[in-house]
Amino acid sequence: MQLDRLREATLEEVARYLAGVVQRDDFKVSEICDVLLKKAVLAHASDLHLEPCGSGTRVRYRIDGVFHDAAVLPLALHDQLVSRIKVLADLLSHRREIVQEGRVSLEIGGTKTDLRLSVVPTVAGEKVVARIFAASQASFQLEALGYDEAMQRRVRAIVLDLEGLFLLTGPSGSGKTTTLYTILHEIRRELDAYASIITIEDPVEFEFGLWSQMQVNRQASLDFPAGLRAALRQDPEVIMVGEIRDGETAEVALRAGLTGHLVISTLHSGSAPETVTRLVNMDLEPFVVASALTATIAQRLVRRLCQACKDEVALDPAKQGLIRRLWRGAEGAELRAYRGRGCETCQFTGYAGRLPVAELLEVDEDLRGLILEKARTSTIRRALVDRGWRSILDDGLAKAAAGLTTFEEILRNVSLREVL
Ligand SMILES: [Zn+2]
């Protein structure tokens, strides 16, 4: 299929085209692979799944967080398809019983895109997942991340201070890595003459060639704490640690933050206030947490309403009541809701692209006091709310009321567990 045609084709057209290809006697598996991989990139999918099922090999794309079928191919082709992809990624194509990981670099119309490949043996055959890191499409500007203006300003001020520990939290696929990379770009743009930057990642999602990137390598005993210690020996101003998973890494990261370095990282937790208590509960000295932690962001990605076909719609009274109960910003205001009618721009889904909903917690005197007292998450949250803090739910509901997304999308993606 020609590149221009592939670019324009809907997923149904691609599926029909591939169904036609496999009917021919002289078809090549390499062509099928080529179409599937390239279309995944062109359709802005975040990942491609190749899954052997009873009825055939199911190929699905995840676009804006939702799966779409790209093709169902005969099961007889499955092993050949997987072999072809493994060859592209320099993996062992004859080994079908082991877990393998690799990388494929695709060039489409002059633009290079990296795909990270994982192959897992299942009872029905090997399942392949390719994660697409569309760095070429990202601008790595803070303005482009989708945070509101006040938050952009605060984040910029905090990270350009080049000090302390700055943490992000959110489920996988919530844009944390893009935010971390954006912060590094921002520092490089603003403070290149003053900052040496190094990262420790598992895996390195994208090679920028702009600063040093270390890959975790457990066989060589290079894990997050060891990598972080090694990085500190070279006295960099800025260190990005892919993830803080254990007390040891957290401890070294906090100490580094206390001694004149900026450490940015991610930590698994449900919210910004919970990130603070998680750290304290990793058996760390509360005063170290209180002095080194500067801020934390919790975020989710939600689908953006298609701006080409959105209509204002009535909000049913029950939902209106719920939203008013959840959102202080709704007080006194008339609640507006929107829905995408569906058009070509959004492939008739009503949504096009994604945007983050987020909460930023800055550690100030009051919060430092609460950390020293080992306060619970709910206590920290209450103290913040009393001061008019904007939670992720406030941010999301405000974005829905402004027609950037829908209330359904927010209620589906943001946990109400801590609020209700
Ligand atoms: Zn539309």
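What follows draws every value from the coordinates through simple rules; no lab data is involved. Because the structure is a prediction, the values reported are computed rather than measured. Cβ placement follows ideal geometry from the backbone for every residue including glycine, while neighbour counts extend to all protein chains displayed.
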- Message: As I understand it, the value is the acute angle between the Cα axis of helix 29-42 and the longest principal axis of the Cα atoms of the chain; what does it come to in degrees, rounded to 10?
- Response: 30 degrees
- Rh (Kirkwood; distinct C-alpha pairs) - region 3-134, Å: 14.8 Å
- Evaluate the relative contact order of the chain (contact order divided by residue number), counting alpha-carbon pairs under 8 angstrom at least 6 apart; express in whole percent. 12 percent
- Which one of 194, 217, 253 has its Cα pushed farthest toward the positive end of the charge dipole of region 151-295, where Lys and Arg give +1 and Asp and Glu give -1 at the Cβ? 194
- Radius of gyration and Dmax over the Cα atoms of region 151-304, both given in Å: 14.4, 44
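Taking the Cα centre as origin and putting +1 on Lys and Arg beta-carbons and -1 on Asp and Glu beta-carbons, what dipole magnitude results for region 138-413, to the nearest 20 debye?
Here the size comes out at about 860 debye.
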- Query: So how tilted is helix 149-160 from the main axis of the chain? Cα-based, degrees 0 to 90, rounded to 10.
  - Reply: 80 degrees
- Message: I'd like the isolated cysteines in the chain, meaning no second cysteine's beta-carbon lies under 4.7 angstrom from theirs.
- Response: 33, 53
- Message: With unit charges on the beta carbons (Lys and Arg positive, Asp and Glu negative) and the dipole taken about the Cα centre of the chain, which residue among 20, 272, 413 sits farthest to the positive side?
- Response: 20
- Message: Tell me the mean residue ellipticity at 222 nm calculated for the chain from its helices only (DSSP H runs of n ≥ 4, each -39500 (n - 2.57), averaged over every residue, nearest 500).
- Response: -11000 deg cm²/dmol
- Task: Subtracting the Cα-Cα distance from 0.36 nm times the residue separation, let me have the gained length for residue 8 to residue 94 in nm, one decimal.
- Result: 27.4 nm
- Message: So if the hydrodynamic radius of the chain is defined as the Kirkwood radius over C-alpha pairs, what does Stokes-Einstein give as its diffusion coefficient at 20 °C and 1.002 mPa s, in µm² per second?
- Response: 91 µm²/s
- Query: If the cut-off is a Cα-Cα distance under 16 Å, which aspartates and glutamates reach residue 374, setting aside same-chain residues fewer than 8 apart in sequence?
  - Reply: 274, 283, 285, 364, 365, 366
- Task: Specify whether the C-alpha gyration tensor of region 322-372 places it in the rounded, prolate or oblate class, a ≥ b ≥ c being the square roots of the eigenvalues: rounded for a/c under 1.5, otherwise prolate if a/b is larger than b/c and oblate if not.
- Result: oblate
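Explain nothing, just the number: dipole magnitude of region 3-134 about its Cα centre with +1 on each Lys and Arg Cβ and -1 on each Asp and Glu Cβ, in debye rounded to the nearest 20.
180 debye
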- Counting only DSSP beta bridges with both residues in the chain, tell me the antiparallel percent, nearest 5. 70 percent
- Take the Cα radius of gyration of region 215-353 and divide it by 2.2 N^0.38 Å, with N its residue count; two decimals is plenty. 1.55
- Message: Output needed: percent of Cα pairs per 10 Å distance bin for region 295-420, bins running from 0 to the one holding the longest distance.
- Response: 12, 38, 30, 14, 5, 0
- Note on the structure: The lysines whose Cα lies under 18 Å from the Cα of residue 112, excluding any fewer than 8 residues away in the same chain, are 38, 39
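If you rank 319, 399, 112, 38 by fewest surrounding Cβ atoms within 10 Å, what's the result?
112, 319, 38, 399
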- Dipole of the chain (Lys/Arg Cβ +1, Asp/Glu Cβ -1, origin at the Cα centre): which of 108, 263, 398 lies farthest to the positive side? 398
- Expressed in Å to one decimal, the Kirkwood Rh of region 136-214 from all distinct alpha-carbon pairs is 13.5 Å
- With everything on Cα atoms, drop me the angle between helix 317-326 and the longest principal axis of the chain, reported from 0 to 90° to the nearest 10. 50 degrees
- Message: With a cut-off of 8 Å between alpha carbons and a minimum separation of six or more residues, what is the relative contact order of region 3-134 in percent?
- Response: 22 percent
